[in-house]
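Asks: Below: one structure in structure tokens.
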Amino acid sequence: MKFTINRTGFTNELANVLRAISSKTTIPILTGVKLVATDDQLVLTGSNSDITIQSTLATSEGQLGLVVEEPGAIVLQARLFNEIVKKLPAETVTLEVKTGFLTTITSGPAEFKINGQDANNYPKLPELESDKTVQLAPDLLREVIDQTRIAVSKQESRPILTGIHVLLAQDQLTAIATDSHRLAQRKVTLPAPVAVAADVVIPGVSMTELARMIPDQKDPIDLLIAENQVLFKFGHTLFYSRLLEGKYPDTSRLIPETSETDLTIDANVLLAAISRASLLSHQGRNNVVKLTIDPTQELVKISGDSADVGNVEEELQFDAITGQELAISFNPDYMGDALKSFGGVKVKLAFTSPLRPFTLVPVDDQANFVQLITPVRTF
């Protein structure tokens, strides 16, 4: 095996593949990156069993400067190989594998010799065939992930809640996440109806990694859903993730349909006030901030206190308040995450009682995006 490639382009693609590689894997060969060279392309693969990322570089792409002199395959220790390539001195790098999997890496005056492993021992990628395929705009997919992953559970005691619930039906995709203290739900209208409905749970860790990789491009991303795997295709890249087993709880009944008190306010105004109040709440044992709404007095107030440090109180500018007087306490970190997901638009908060979950929706799109937060009992 022997090929030469532009070092910068190679480094960028290698960095993407390395996102799937973990040093904690129980399968030793998965600490390596698999390289397969054919006459017209170089394929890089990294995996940790849960996520697999494959990048295909073609000789026809002039900017990569890929020239394959001898086809072949090798698995190299991923972190070491990446560090070597990043620090090589010249604009191009040549990799050559001879007998015994000894790999020579040269660039300008520098030459490294490192031991590789037999690529035949690397786990095979699943071949996905699915009629559950949709196309999504890259920026929209990234937005959907960012708006829902904040509510994914980090507790392994309920594994199904560590994923994002994705539903495909007719011309709509719905993404839902909850950790039982908060919930995020986003609906997206698809450009074309799906042939077959789908109901799957994708690990939150996988979706977070995917969001970081999604390129700024206009070409849509293909999403394929199979029995126990999901595949995202974009650019040079194939991004595979396993699906979580089990049935996601029915969350539709958690979202209140009516409210007793409503507040319309700029998300950034409320976020800034909560951020200031949490300076004290983070110092106390109970990380709680209180929101007081009094429609008769035209008053909205944020407050927080710590027995050891002191207290804070701030009146807020708002757009509208209706309904009953209300005082409700909540975790400021949960509220902050929810408000950031709206991107600085006007939001409507709807409350039913001081002890019932309340919702936040964007004023301009109330049907397709909702964040729900469970209040904190303070008495």
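The values are calculated or read from the model by the stated rules, or taken from the named source; none is laboratory data. Nothing here was measured: the structure is a model prediction, and the numbers come from that model. Glycine also receives a Cβ, built like all others from the backbone with ideal geometry; neighbour counts cover every protein chain displayed. Each accessible area value is taken on the protein alone, full model and side chains, heavy atoms only, with ligands, DNA and RNA left out. Shrake-Rupley method; radii C 1.70, N 1.55, O 1.52, S 1.80 Å.
Asks: Output the residues belonging to region 228-252 that are more than 21 Å from Ile176 (Cβ to Cβ) and over 15 Å from the mean Cα position of the chain (by Cα).
Replies: If the condition is that a residue be more than 21 Å from Ile176 (Cβ to Cβ) and over 15 Å from the mean Cα position of the chain (by Cα), then Lys233, Phe234, Gly235, His236, Thr237, Leu238 are the ones that fit.
Asks: Please state which of the following conditions Gly323 fails to meet, knowing it meets all the rest: (1) over 31 Å from the mean Cα position of the chain (by Cα); (2) open to solvent by less than 40 Å² (accessible area, probe 1.4 Å).
Replies: Among (1) over 31 Å from the mean Cα position of the chain (by Cα); (2) open to solvent by less than 40 Å² (accessible area, probe 1.4 Å), the lone unmet condition for Gly323 is (2).
Asks: Please determine whether any residue of region 198-212 is part of a loop (DSSP other than H, G, I, E, B) and modelled with pLDDT under 95.
Replies: no
Asks: Additional query: For region 180-197, enumerate the residues that are more than 18 Å from Leu210 (Cβ to Cβ) and either touching a helix residue (DSSP H, G or I) at 6+ places or on another chain (Cβ under 6 Å) or surrounded by fewer than 15 Cβ atoms within 10 Å (Cβ to Cβ) (or both).
Replies: Ser180, Arg182, Leu183, Thr189, Pro191, Ala192, Pro193, Ala195, Val196, Ala197
Asks: Which condition from (1) open to solvent by less than 10 Å² (accessible area, probe 1.4 Å); (2) on the phi > 0 side of the Ramachandran plot is the one that Thr148 breaks?
Replies: All conditions pass for Thr148, except number (2).
Asks: Do we have Asn311 as part of a loop (DSSP other than H, G, I, E, B) and in contact with a Ser or Thr (Cβ under 8 Å, 6 or more places away or on another chain) here?
Replies: Here the answer is no, as Asn311 does not meet what is asked.
Asks: Is there any pair linking a residue in region 327-352 that is touching a residue at least 40 places away in the same chain (Cβ under 8 Å) to one that is among the β-branched types (Val, Ile, Thr) and assigned to a helix (DSSP H, G or I), with Cβ under 7 Å and at least six apart or on different chains, and which?
Replies: These pairs meet every condition: Pro332/Ile274; Met335/Ile274; Gly336/Ile274; Asp337/Ile150; Ser341/Ile150.
Asks: Let me ask something else. Could you check region 247-280 and list, in sequence order, the residues that are open to solvent by less than 30 Å² (accessible area, probe 1.4 Å) and either assigned to a loop (DSSP other than H, G, I, E, B) or of a type in the set (Val, Ile, Thr) (or both)?
Replies: Tyr248, Thr251, Thr261, Ile265, Ile274
Asks: Thr359 fails exactly one of the following numbered conditions: (1) in contact with a Leu (Cβ under 8 Å, 6 or more places away or on another chain); (2) under 27 Å from Leu140 (Cβ atoms); (3) open to solvent by 30 Å² or more (accessible area, probe 1.4 Å); (4) of a type outside the set (A, V, I, L, M, F, W, C). What is the number of that condition?
Replies: The number of the failed condition is (3).
Asks: Another one. Considering (1) open to solvent by 10 Å² or more (accessible area, probe 1.4 Å); (2) in contact (Cβ under 8 Å) with a residue 60 or more places away in the chain; (3) farther than 18 Å from Glu245 by Cβ, say which one Leu223 fails and leave the rest.
Replies: (1)
Asks: Now a separate question. Please return the ranges of strands (runs of 3 or more DSSP E) entirely within region 1-95 where 3 or more residues are of a type in the set (A, V, I, L, M, F, W, C).
Replies: 32-37, 41-47, 51-58, 72-77
Asks: On to the next question. Among the residues of region 62-83, is there at least one that is free of Cβ contacts under 8 Å to residues at least 40 places away in the same chain and over 31 Å from the mean Cα position of the chain (by Cα)?
Replies: Yes: region 62-83 contains one or more residues that are free of Cβ contacts under 8 Å to residues at least 40 places away in the same chain and over 31 Å from the mean Cα position of the chain (by Cα).
Asks: Can Leu167 be described as aliphatic (A, V, I, L, M), without any contact (Cβ under 8 Å) to a residue 24 or more places away in the chain and surrounded by fewer than 20 Cβ atoms within 10 Å (Cβ to Cβ)?
Replies: no
Asks: Residues in region 117-125: is at least one open to solvent by less than 30 Å² (accessible area, probe 1.4 Å) and modelled with pLDDT of 95 or more?
Replies: There is at least one residue in region 117-125 that is open to solvent by less than 30 Å² (accessible area, probe 1.4 Å) and modelled with pLDDT of 95 or more.
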